[in-house]
């Protein structure tokens, strides 16, 4: 496993989705937003953000929101964050997107059959950073150098973080938290939670684990199993 | 319920007798207690106690999913003290084969489940007679227990070589659960000569500092008892009688443990 397991591309959409085309950063060449997809996307984002049904002047949406319209067997796409402003006619397709950022995670050939193994992991990392980008000072219709710069920085950071996490997930495949030598080799934040989890081999109720982020990471690494039981969701150390 | 493991970094420091005497001290004050022989390389309880009634052992439980833990417990072996035995090591599956595949991972899972089951059976105290040295087994038993007692005899060659390994063990256990790790000086010579006394005191003081720095707490010390050691030369020593020789010592240790 090397650090080039994935590529990430980002698309910034500004203003009215229908009229102003996407601005690509580090375009992997995979995403091609055709006018049809653009329309579909715009409608979906407007509905998702609830612009048409609210009197609020602005709506912020923090992802990751999976975008099946822009995903296939080789890559995943997520709406990362969005800021929209309501226009005088609620529900109108002229509602203005001040800005939205979509990430596409492109898997290299060697990982394509494992895309879905890593979905939870990728989504938890995107979720952790989804409010990092601030569109509040964006002027409708313009891509400011600040937004462009911040998007590029974020992209680099997420690229590195996701690649490292996938690398670890592959490395940990088949491992067990009950192998104490392995457990103590985990990074501190995971090691701490893992030491708690093994104290109940039959599992923990979701509500009894406060450190949800690291729990999700252990889940994506296959070191914790999720079960739906009669009394709710349980997490079982593997 | 409390779970404690008695261990040492090498054999012959007195783990097994410490475990048994703590067990006797516990049942004499009314605590429902079981001692588990978890020293798979050199299980000693079968040699000290001849009244084993159950064929199934701790090893059988750890490697099988369909064994009820009550089928392992030998009741009232010394007074009210219950015992779970381990089998002598056998070449093949039960010896080197233990270390194959996922044996140790499953063993730890099963042991922690057993702990819950023992609690449900009403036990107040589980004492593990651990394997000496560092191994998957000894560390698993430390993870099982929230209290550990490292039994030490005062000698430079025994302690110097193990200081770094102790550091690793306690780094591993750090944060594992709310725990207390003690050390116990065992078989400390009674010295009357002033110079010899000074030498011993200085040695103990030096190691008290080093062990405390590793995060261990001193549980106490047990003096070498000639009569006790001579009694152990008998084939079937009466451990209740022997306990009476040193009961004050062990009752004090038990007080400290129960205060945790």
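See the values below:
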{"read-out": "Members of segment B:105-124 found to be over 18 Å from residue B:85 (Cβ atoms) and more than 11 Å from chain A (Cβ to nearest Cβ), listed by number", "value": "B:119, B:120, B:122, B:124"}
{"read-out": "Considering residues of segment B:148-189 that are in contact (Cβ under 8 Å) with a residue 40 or more places away in the chain, surrounded by fewer than 20 Cβ atoms within 10 Å (Cβ to Cβ) and closer than 26 Å to residue B:109 by Cα only, the residue farthest from the other protein chains (Cβ to nearest Cβ)", "value": "B:180"}
{"read-out": "Count of residues meeting criterion [under 12 Å from the mean Cα position of the chain (by Cα) and not in a loop (DSSP other than H, G, I, E, B)] in segment B:35-60", "value": "4"}
{"read-out": "Selection from segment A:166-213 of residues that are surrounded by 14 or more Cβ atoms within 10 Å (Cβ to Cβ), within 11 Å of chain B (Cβ to nearest Cβ) and assigned to a loop (DSSP other than H, G, I, E, B)", "value": "A:175, A:176, A:177, A:178, A:179, A:184, A:198, A:199, A:200, A:201"}
{"read-out": "Segment B:219-242, residues that are over 20 Å from residue B:78 (Cα atoms), assigned to a loop (DSSP other than H, G, I, E, B) and in contact with a helix residue (DSSP H, G or I) (Cβ under 9 Å, 6 or more places away or on another chain)", "value": "B:225"}
{"read-out": "Filter result for residue B:131 (in contact with a helix residue (DSSP H, G or I) (Cβ under 9 Å, 6 or more places away or on another chain) and over 30 Å from residue B:62 (Cα atoms))", "value": "no"}
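Here is a yes/no grid of residues against (1) closer than 30 Å to residue B:103 by Cβ; (2) modelled with pLDDT of 70 or more; (3) in the same structural domain as residue A:75 (by TED's automatic domain parsing):
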{"residue": "A:97", "(1), (2), (3)": "no, no, yes"}
{"residue": "A:109", "(1), (2), (3)": "no, no, yes"}
{"residue": "A:116", "(1), (2), (3)": "no, yes, yes"}
{"residue": "A:132", "(1), (2), (3)": "no, yes, yes"}
{"residue": "A:146", "(1), (2), (3)": "no, yes, yes"}
{"residue": "A:153", "(1), (2), (3)": "no, yes, yes"}
{"residue": "A:156", "(1), (2), (3)": "no, yes, yes"}
{"residue": "A:184", "(1), (2), (3)": "yes, yes, no"}
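The values are calculated or read from the model by the stated rules, or taken from the named source; none is laboratory data. Fair warning: this is a prediction, and the values are worked out from it, not measured in the lab. Cβ atoms come from the backbone with ideal geometry, glycine included; neighbour counts cover every protein chain shown.
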